[in-house]
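Participant: Got a structure here, written out as structure tokens. Questions coming.
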Amino acid sequence: MLSAATAHALSEALIDTERTAEQAGWDNPPQLLGMFTEADTPVEIAAVPVRPKTWHASNPLHPGAYIPATAILEVLTAYFTSPLTPAWLSAWLHQDDRAPVGSAFLCENPGDSRTPGHPYSDLRAMPDAADNAIRSLSAADIDGRYYYVLRRRGSDMASANTDHDSTPLIRQTTAGACLYRLRHLTRLA
């Protein structure tokens, strides 16, 4: 069980992660992240080393459209939690003696499918959507807390919250379900 101080440090680290994403600007690919505790730092958040091209999967049923990032997250979750879990993942989870304590997913406009020539949040091509663009950072820790940080494009501030006992509705969302499945992987790793 994570201490209250560690849960608070995770929340602060997630806010910092979203702030770093904001400083990098928009139009960036999604990221699947691992959350860790280490001896020399209270919390580390690191991107799972998947090829960036992973997030550019074309939809074979609809030529010219990309598969939504949340659907790709579902596929990665199924792969990482299957009996065929890649050996590199366990090694990565424990590199430098860090302890995995959860997973997170950073995405602009979750569930949105892009067409070729219009990457993640290329809102210049869709000016009506610019005011509604959202960056979402969702996370689940090994104790079942659900964290989220949301920022509307152009906003100076992000909103953040931690649900200590998340509702079934959160676990029924694509990202929520995936993050809850991945937290079990961190327990077993």
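The values are calculated or read from the model by the stated rules, or taken from the named source; none is laboratory data. If you're wondering where the values come from, they're calculated on a predicted model, not measured in any experiment. For neighbour counting, all protein chains shown are included, and Cβ atoms are generated from backbone atoms with ideal geometry for every residue, glycine included.
Participant: Please enumerate the residues belonging to segment 1-36 that are under 26 Å from PRO86 (Cβ atoms), modelled with pLDDT of 90 or more and either touching a Cys at 6+ places or on another chain (Cβ under 9 Å) or outside any helix (DSSP H, G or I) (or both).
Facilitator: Within segment 1-36, PRO30, GLN31, LEU32, LEU33, GLY34, MET35, PHE36 meet the criteria.
Participant: Here is a list: THR77, THR41, THR70. Which entry is exposed (fewer than 14 other Cβ atoms within 10 Å of the Cβ), of a type in the set (Val, Ile, Thr) and either within 29 Å of SER159 (Cα to Cα) or in contact with a helix residue (DSSP H, G or I) (Cβ under 9 Å, 6 or more places away or on another chain) (or both)?
Facilitator: Result of the check over THR77, THR41, THR70: THR41.
Participant: Residue check: is ASP131 surrounded by fewer than 20 Cβ atoms within 10 Å (Cβ to Cβ), among the charged types (D, E, K, R), at pLDDT 70 or above and farther than 15 Å from THR17 by Cβ?
Facilitator: no
Participant: Looking at this structure, is LEU179 under 19 Å from ALA47 (Cβ atoms), assigned to a helix (DSSP H, G or I), at pLDDT below 75 and under 19 Å from the mean Cα position of the chain (by Cα)?
Facilitator: No, not satisfied.
Participant: Select from segment 145-159 the residues that are in contact with a Leu (Cβ under 8 Å, 6 or more places away or on another chain), of a type in the set (Gly, Ala, Ser) and at pLDDT below 90 and list them in ascending order.
Facilitator: Listed by number, the list is empty, since nothing qualifies.
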